[in-house]
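Here the structure is laid out as structure tokens; the discussion comes afterwards.
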Amino acid sequence: MERWKESQLRQIASATEVDIAYQGALSFAKNIGYKFFEFSATYITKPDQLNTLKLNNYPASWNNEYEQKQLRDVDPVVAHCNQSMLPILWSEELFSKIPSMWEALGLHGIQHGWSQSVHDDESGLCSILSLARSHCPISAFELYEMLGFSVFIARHLHALVAQTLPKRGPKPAAAHLSLREIDVLKLAADGKTAEESARILNLSARTINFHVRSAIDKLGVNNKISAVIAAVKAGYLGSGAMR
């Protein structure tokens with residue numbers, strides 16, 4: 001590795017604030033042939049509410065268009081990065097379902113680019129790093145050459161954002177169902193009524209309903225069907241229990 005690359009990467013790694021690390025990453029990106037650099041991080045602030053931090057040097061006209069038209073909701077790059085941490089090259093084929101966005105990227109001089117993501121299940125954070133330029137398509141070989149640098153930078157920026165997020169509370173302990181509750185829910189999954197289950201287990205229908213209610217309370221759901229689904233997800237009944 002050239003000495004200047006090592007020096008710049010060390011400076012980025014030593015940054016303890018995301019804004020400072022971003023500036024170092026932007027400088028590094030320009031030095032390896034990319035005019036544009038973006039880092040975005042999406043995280044949950046409240047139930048079902050997402051917040052996005054976005055740092056880039058894209059043209060202001062593109063950023064405004066992207067926000068006004070809510071292009072993030074249809075952006076195939078974002079869709080890929082939300083599902084996979086494999087890098088993806090931007091291409092006309094990738095944007096085939098939204099050609100107007102591909103044309104707009106070209107008009108703003110940022111059509112040649114690629115992106116990759118970092119996912120963090122513990123914090124729920126998903127970060128995306130993108131490199132782009134106005135000239136010369138990016139080959140798969142070039143992407144391969146630059147991947148190590150981008151992974152290093154993406155992970156450091158991701159970690160700086162993650163450490164600013166509030167810690168998630170511990171996951172609630174899994175419900176512990178009794179053997180009888182499991183038997184009752186298995187029969188319910190097979191479509192048996194309380195009376196049918198009572199005959200099979202040699203119990204009263206009232207006792208069957210008692211065990212169903214107990215399982216509902218333990219699983220934190222509202223009805224028998226939801227209890228069966230929750231029990232399947234928890235591994236009590238097996239993935240093929242419901243018919």
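Against the test of being in contact with a Ser or Thr (Cβ under 8 Å, 6 or more places away or on another chain) and open to solvent by less than 20 Å² (accessible area, probe 1.4 Å), the options 177, 219, 187, 157 yield a single qualifying residue, 157.
Which of the residues spanning the range 68-82 are over 15 Å from residue 100 (Cα atoms) and open to solvent by 20 Å² or more (accessible area, probe 1.4 Å)? Walk me through it before giving the result.
Quick first cut of the range 68-82, residues over 15 Å from residue 100 (Cα atoms) only: 78-82.
Hits for the range 68-82 are 79, 80, 82.
Take residues that are on the phi < 0 side of the Ramachandran plot and under 15 Å from the mean Cα position of the chain (by Cα) and tell me which of the helices (runs of 4 or more DSSP H) falling wholly in the range 13-87 contain 1 or more. Walk me through it before giving the result.
Values: elements: 18-31, 60-68, 76-83.
Hits in the range 13-87: 76-83.
Against the condition open to solvent by 30 Å² or more (accessible area, probe 1.4 Å), assigned to a helix (DSSP H, G or I) and either acidic (Asp, Glu) or at pLDDT 85 or above (or both), how does residue 192 come out, does it pass? No: the conditions fail for residue 192. When the criteria are applied in full, residue 9 meets the requirement of being modelled with pLDDT under 95, open to solvent by less than 40 Å² (accessible area, probe 1.4 Å) and aliphatic (A, V, I, L, M).
Suppose we filter 184, 212 for residues that are modelled with pLDDT of 90 or more, assigned to a helix (DSSP H, G or I), touching a Lys or Arg at 6+ places or on another chain (Cβ under 6 Å) and of a type outside the set (Gly, Ala, Ser); which single one remains? Give the steps one after another, and end with the answer.
On the way: 184 fails: touching a Lys or Arg at 6+ places or on another chain (Cβ under 6 Å).
Exactly one residue qualifies, and that residue is 212.
Of the residues 53, 26, the single one that is more than 17 Å from residue 150 (Cβ to Cβ) and touching a residue at least 12 places away in the same chain (Cβ under 8 Å) is 53.
Does residue 122 meet the test of being touching a Lys or Arg at 6+ places or on another chain (Cβ under 8 Å) and at pLDDT below 95?
Details: touching a Lys or Arg at 6+ places or on another chain (Cβ under 8 Å): yes; at pLDDT below 95: yes.
Yes; evaluated as a whole, the condition is true for this residue.
Figure legend. Inter-residue proximity from the range 88-103: first residues acidic (Asp, Glu), second residues loosely packed, with under 11 Cβ neighbours inside 10 Å, beta-carbon distance below 8 Å, spacing 6+ or different chains. Indicated pairs: 92/99.
The values are calculated or read from the model by the stated rules, or taken from the named source; none is laboratory data. Only a predicted model underlies this, so the values are computations on that prediction, with no experimental measurement involved. Every residue, glycine as well, gets a Cβ built from its backbone with ideal geometry; the counts of neighbours run over all protein chains shown. The accessibility values were calculated without ligands, DNA or RNA, using every heavy atom of the protein model including side chains. Shrake-Rupley method; radii C 1.70, N 1.55, O 1.52, S 1.80 Å.
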